[in-house]
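The values are calculated or read from the model by the stated rules, or taken from the named source; none is laboratory data. None of the values given here were measured: they were computed from a predicted structure. Using ideal geometry, Cβ is built from the backbone for each residue, glycine included, and neighbour counts are taken over all protein chains shown. These accessible areas exclude ligands, DNA and RNA; they are computed on the full protein's heavy atoms, side chains included. Shrake-Rupley method; radii C 1.70, N 1.55, O 1.52, S 1.80 Å.
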Amino acid sequence: FRAWLKTQPKQGHGILRKLALHLKVHTTMLTHIFRGDSHLSMEHAVRVAAFLGLDELETDFFMTLVQRDRAGSP
């Protein structure tokens, strides 16, 4: 996400805020998630995929990555 953010106009300035509004969470929560201190819920992951405009295959892959990240064991 951070790499994608840097490719956006103005290096993504303001996108994190828009995403937080879309998810109905505080930007601080997203900061913790993208730093690796917290995890996306599956519900939020679906909304992130929609926000990013991912197609069905990309969404499935993204959801698998989120599930893998949330797993309690390797």
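(1) under 21 Å from R68 (Cα atoms); (2) at pLDDT below 90; (3) open to solvent by less than 30 Å² (accessible area, probe 1.4 Å): which one isn't true of L40, the others all being true?
Tallying (1) under 21 Å from R68 (Cα atoms); (2) at pLDDT below 90; (3) open to solvent by less than 30 Å² (accessible area, probe 1.4 Å), L40 fails exactly one: (2).
Report, by residue number, each residue of region 1-31 that is of a type in the set (V, I, T) and not in a helix (DSSP H, G or I).
T7, V25
Collect the residues in region 32-74 that are assigned to a loop (DSSP other than H, G, I, E, B) and within 17 Å of L21 (Cα to Cα), keeping them in residue-number order.
If the condition is that a residue be assigned to a loop (DSSP other than H, G, I, E, B) and within 17 Å of L21 (Cα to Cα), then L40, S41, G53 are the ones that fit.
Looking for whichever is within 13 Å of the chain's Cα centre (by Cα) and at pLDDT 95 or above here; the options are R17, R2, R47, R35. Which one fits?
It is R47.
Condition first: loosely packed, with under 13 Cβ neighbours inside 10 Å and either basic (K, R) or in contact with a helix residue (DSSP H, G or I) (Cβ under 8 Å, 6 or more places away or on another chain) (or both). Now tell me which residues in region 52-63 satisfy that.
E58, the sole residue that qualifies.
Can you name the number of the only condition in (1) on the phi > 0 side of the Ramachandran plot; (2) surrounded by 13 or more Cβ atoms within 10 Å (Cβ to Cβ) that A49 fails?
Here A49 clears every test but (1).
How about region 1-28: which of its residues are closer than 20 Å to Q67 by Cα and open to solvent by 70 Å² or more (accessible area, probe 1.4 Å)?
Passing the criteria: only R2.
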